[in-house]
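Derivation of every value follows stated rules applied to the coordinates shown; laboratory data play no part. Owing to the predicted nature of the structure, the values given are computational and were not obtained by experimental measurement. Cβ: placed from backbone, ideal geometry, glycine included. Neighbour counts: every protein chain shown.
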Amino acid sequence: MNPKDIGIMSSIGENAEFLHRVQAACDQAGKNILQRVAELKDVSPPFAQGNFAEAWHAETFNVDTVLNRIEDVKAHVLKSNGYKSVDIAITDNGQTVNKYSLKYYKNGKASVDAQKGFGDQGRVIPGDHMPEAKD
């Protein structure tokens with residue numbers, strides 16, 4: 001085999017491994033989201049929607065880390081409903097590096113107001129709430 005063919009075969013193997021990791025991340029995300037939906041089957045819709053959003057954001061973040069070839073960084077849904085509790089933690093090599101609160105209320109003002117006093121937590125609200133939240 002000539003050097004060019006060896007390079008092509010190596011590249012194919014690397015790409016196949018990358019695609020396998022992406023598929024595995026997508027499969028795990030789907031499994032985790034469906035599991036969270038099942039856990040919320042007897043919960044009121046407004047509460048369930050917020051909890052579903054937590055799973056969605058964490059799992060799509062985890063798929064993005066694989067797509068961007070970022071190792072050892074993961075989002076974790078903490079499933080805590082305490083006042084001012086962290087909804088999603090981002091870890092790097094097992095150490096928490098970011099904490100987020102998600103609020104999916106009826107509008108931007110309500111979503112922002114619900115997160116007042118949350119200290120060092122990042123805040124996530126629905127994208128369509130952003131214009132009102134900035135006012």
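Packing-wise, with mean Cβ within 10 Å as the measure, how do 97-106, 17-26, 70-79, 51-60 rank, highest first?
Numbers: 97-106: 16.9, 17-26: 12.6, 70-79: 14.6, 51-60: 19.4.
Averaged packing, sorted descending, gives the order 51-60, 97-106, 70-79, 17-26.
If you build a Gaussian network model of the chain, linking Cα atoms that sit under 10 Å apart, which residue out of Gly30, Gly108, Gly119 swings the most?
Of Gly30, Gly108, Gly119, the Gaussian network model singles out Gly119 as fluctuating most.
Based on Cβ point charges of +1 for Lys and Arg and -1 for Asp and Glu, what charge dipole magnitude is obtained for the chain about its Cα centre, in debye rounded to the nearest 20?
Numbers: 16 positive and 18 negative charges, 89 e Å.
Using Cβ point charges on Lys, Arg, Asp and Glu, the chain gives about 420 debye.
So which lysines can Lys74 reach, going by Cα to Cα under 28 Å and dropping same-chain residues fewer than 8 places off?
In chain and number order, the partners are Lys31, Lys41, Lys84, Lys99, Lys103, Lys116.
Say each of Ala24 and Asp128 gets a label point 7 Å from the Cα, pointing the same way as Cα to Cβ; how far apart are those two points in nm?
Modelled inter-label distance: 3.8 nm.
What spacing in nm lies between the two simple spin-label points modelled at Glu39 and Ala114, each 7 Å away from Cα in the Cβ direction?
Going from the Glu39 label point to the Ala114 one covers 1.8 nm.
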